[in-house]
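A short worksheet on the structure shown next.
Each reported figure results from applying straightforward, stated rules to the coordinates on display, with no laboratory input. Every value quoted in this text rests on a predicted model; they were computed, and no experiment measured them. With ideal geometry, Cβ positions are generated from the backbone for all residues, glycine too; neighbour counts draw on all protein chains shown.
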Amino acid sequence: MPLFQAKNIRAGYGDVVIIDDVSINVANDHLVVIVGPNGSGKSTLLKSLIGLVHRFSGTVFYGEHDLTKTAPWQATSLGIGYVPQVDNVFAKLTVHENLEMGAYSRRDKEGIQADLAKTYERFPELAARKKALAETLSGGEKQMLAIARAMMPEPKILLLDEPLAFLSPKSAGKVLNKLLQIQKDGTAILMVEQNAVKALQNASYGYVLNEGRCVMEGTGAELLANKSLREKFLGLGNI
Ligand SMILES: Nc1ncnc2c1ncn2[C@@H]1O[C@H](COP(=O)(O)OP(=O)(O)OP(=O)(O)O)[C@@H](O)[C@H]1O
Ligand SMILES: [Mg+2]
């Protein structure tokens with residue numbers, strides 16, 4: 001059984017269906033990518049998986065846990081990290097305070113200190129900016145902080161909404177390398193990404209969303225080699 005399994009999800013806002021009959025699997029240690037054009041429903045899908053957007057129907061299982069029966073705030077304590085697309089750091093708090101917020105629900109002070117130390121080891125660029133206000137960080141550093149905070153409770157799966165968007169190629173490369181290291185260390189990753197080529201090159205598996213439906217799925221390599229996907233969704237020519 002996959003670590004994370006969503007089946008036939010229908011979700012949206014009010015009475016409006018945005019996501020229609022989408023199924024997603026994420027196996028242990030995998031990096032799974034959801035790509036698709038602007039407005040295709042990527043963020044809505046990701047949010048619906050943990051109940052931040054209303055699901056009309058479908059099932060979501062995280063291991064044995066039926067996520068249709070748990071509140072969104074319980075996802076963190078179950079081992080699911082979520083990094084939203086926007087406003088994913090507390091601008092007026094320092095880097096260190098942001099990381100402490102990642103452990104706000106915990107009482108084990110020693111464990112928190114150990115996790116902070118581990119986080120700074122994993123993100124030396126944040127250790128150098130501990131006392132800086134998050135709003136003063138560069139785009140890439142902000143993404144790293146958001147990811148680092150989500151990693152504080154040591155999740156088994158990390159859900160990320162466009163972690164590479166609006167970054168320079170160099171910063172995007174750095175953030176992606178961090179994510180690949182996190183994956184290697186044993187956390188599965190489900191990420192939405194417009195930077196599709198970069199993401200698919202590293203993906204175990206990918207899904208293509210268009211107008212709220214999954215129009216294609218396959219390994220990263222299969223999707224990148226697909227002619228119609230390359231032309232219609234990736235803006236690439238033939239290979
Ligand atoms: N809070 C909301 N209320 C009503 N409709 C919404 C809301 N958020 C998004 N939508 C609509 O849902 C559709 C999908 O939006 P969504 O943000 O999920 O797309 P996306 O693929 O993440 O786009 P982008 O690539 O721009 O981030 C759009 O038509 C959008 O207008
Ligand atoms: Mg989005």
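Each of I182, I19 was scored by other Cβ atoms within 10 Å of its Cβ. Arranged with the fewest first, they read I182, I19. When the inverse distances between all different Cα atoms of the chain are averaged and flipped, the Kirkwood radius reads 18.2 angstrom. From its DSSP helices (H runs of at least four residues, each -39,500 (n - 2.57)), the chain gives a residue-normalised ellipticity at 222 nm of -10000 deg cm²/dmol.
An oblate overall shape is assigned to the range 55-171, the ratio a/c of its alpha-carbon gyration tensor axes (a ≥ b ≥ c) being 1.5 or greater and a/b not exceeding b/c. Here each label is just a point 7 Å from Cα along the line to Cβ, and for A221 and M1 those points are 3.1 nm apart. Taking the number of Cβ atoms within 10 Å of each Cβ as an exposure proxy, the fewest-first ranking of F123, F56 is F56, F123.
Taking a straight line from the alpha carbon of K232, these lysines sit under 23 Å away, with near neighbours fewer than eight places off in the same chain left out: K42, K198.
Of the residues K227, K142, K198, which exhibits the maximal mean-square fluctuation in a Gaussian network model of the chain defined by a 10 Å Cα contact cut-off? Looking only at K227, K142, K198, the largest GNM fluctuation is found for K227.
What residues qualify as long-range amide H neighbours of I34, i.e. H under 5 Å apart, gap of 5 or more or another chain, H built at 1.01 Å from N? The list, which skips near neighbours in sequence, is M191, V192, E193, Y207.
Fewest-first ordering of D29, D185 by other beta carbons within 10 Å of each residue's beta carbon gives D185, D29. Placing a label point 7 Å from the Cα of T136 along the Cα-to-Cβ line, the residues of the range 67-103 whose backbone N sits under 16 Å from it are 90-98. Note on the chain: antiparallel DSSP beta bridges, both residues inside, total approximately 55 percent of the bridges counted. Which Cα, out of Y104, P124, G139, lies furthest along the positive dipole direction of the range 63-171 (beta carbon charges, K/R +1, D/E -1)? Checking the options against the dipole of the range 63-171, the answer is P124.
Applying a DSSP loop filter and a limit of 11 other Cβ atoms within 10 Å to the trypsin sites (Lys or Arg not before Pro) in the range 19-97 leaves K92.
The H on the amide N of Y82, modeled in the peptide plane, is under 5 Å from the matching H of L159, each at least 5 residues off or on a different chain. Relative to the Cα centre, the charge distribution of the chain, modelled as +1 at Lys and Arg Cβ and -1 at Asp and Glu Cβ, gives a dipole magnitude of about 340 debye. Multiplying the residue separation of L78 and D20 by 0.36 nm and removing their Cα-Cα distance gives an extension gain of 18.2 nm.
The share of Cα pairs per 5 Å bin across the range 100-239, counted from zero up to the longest distance, runs 2, 9, 18, 19, 18, 13, 9, 7, 4, 2, 0, 0 percent. The Cβ shell under 10 Å around R213 holds other residues with a net charge of -3, Lys and Arg each +1, Asp and Glu each -1. Relative to one another, the C-alpha centroids of the range 62-130 and the range 146-194 are positioned 13 Å apart.
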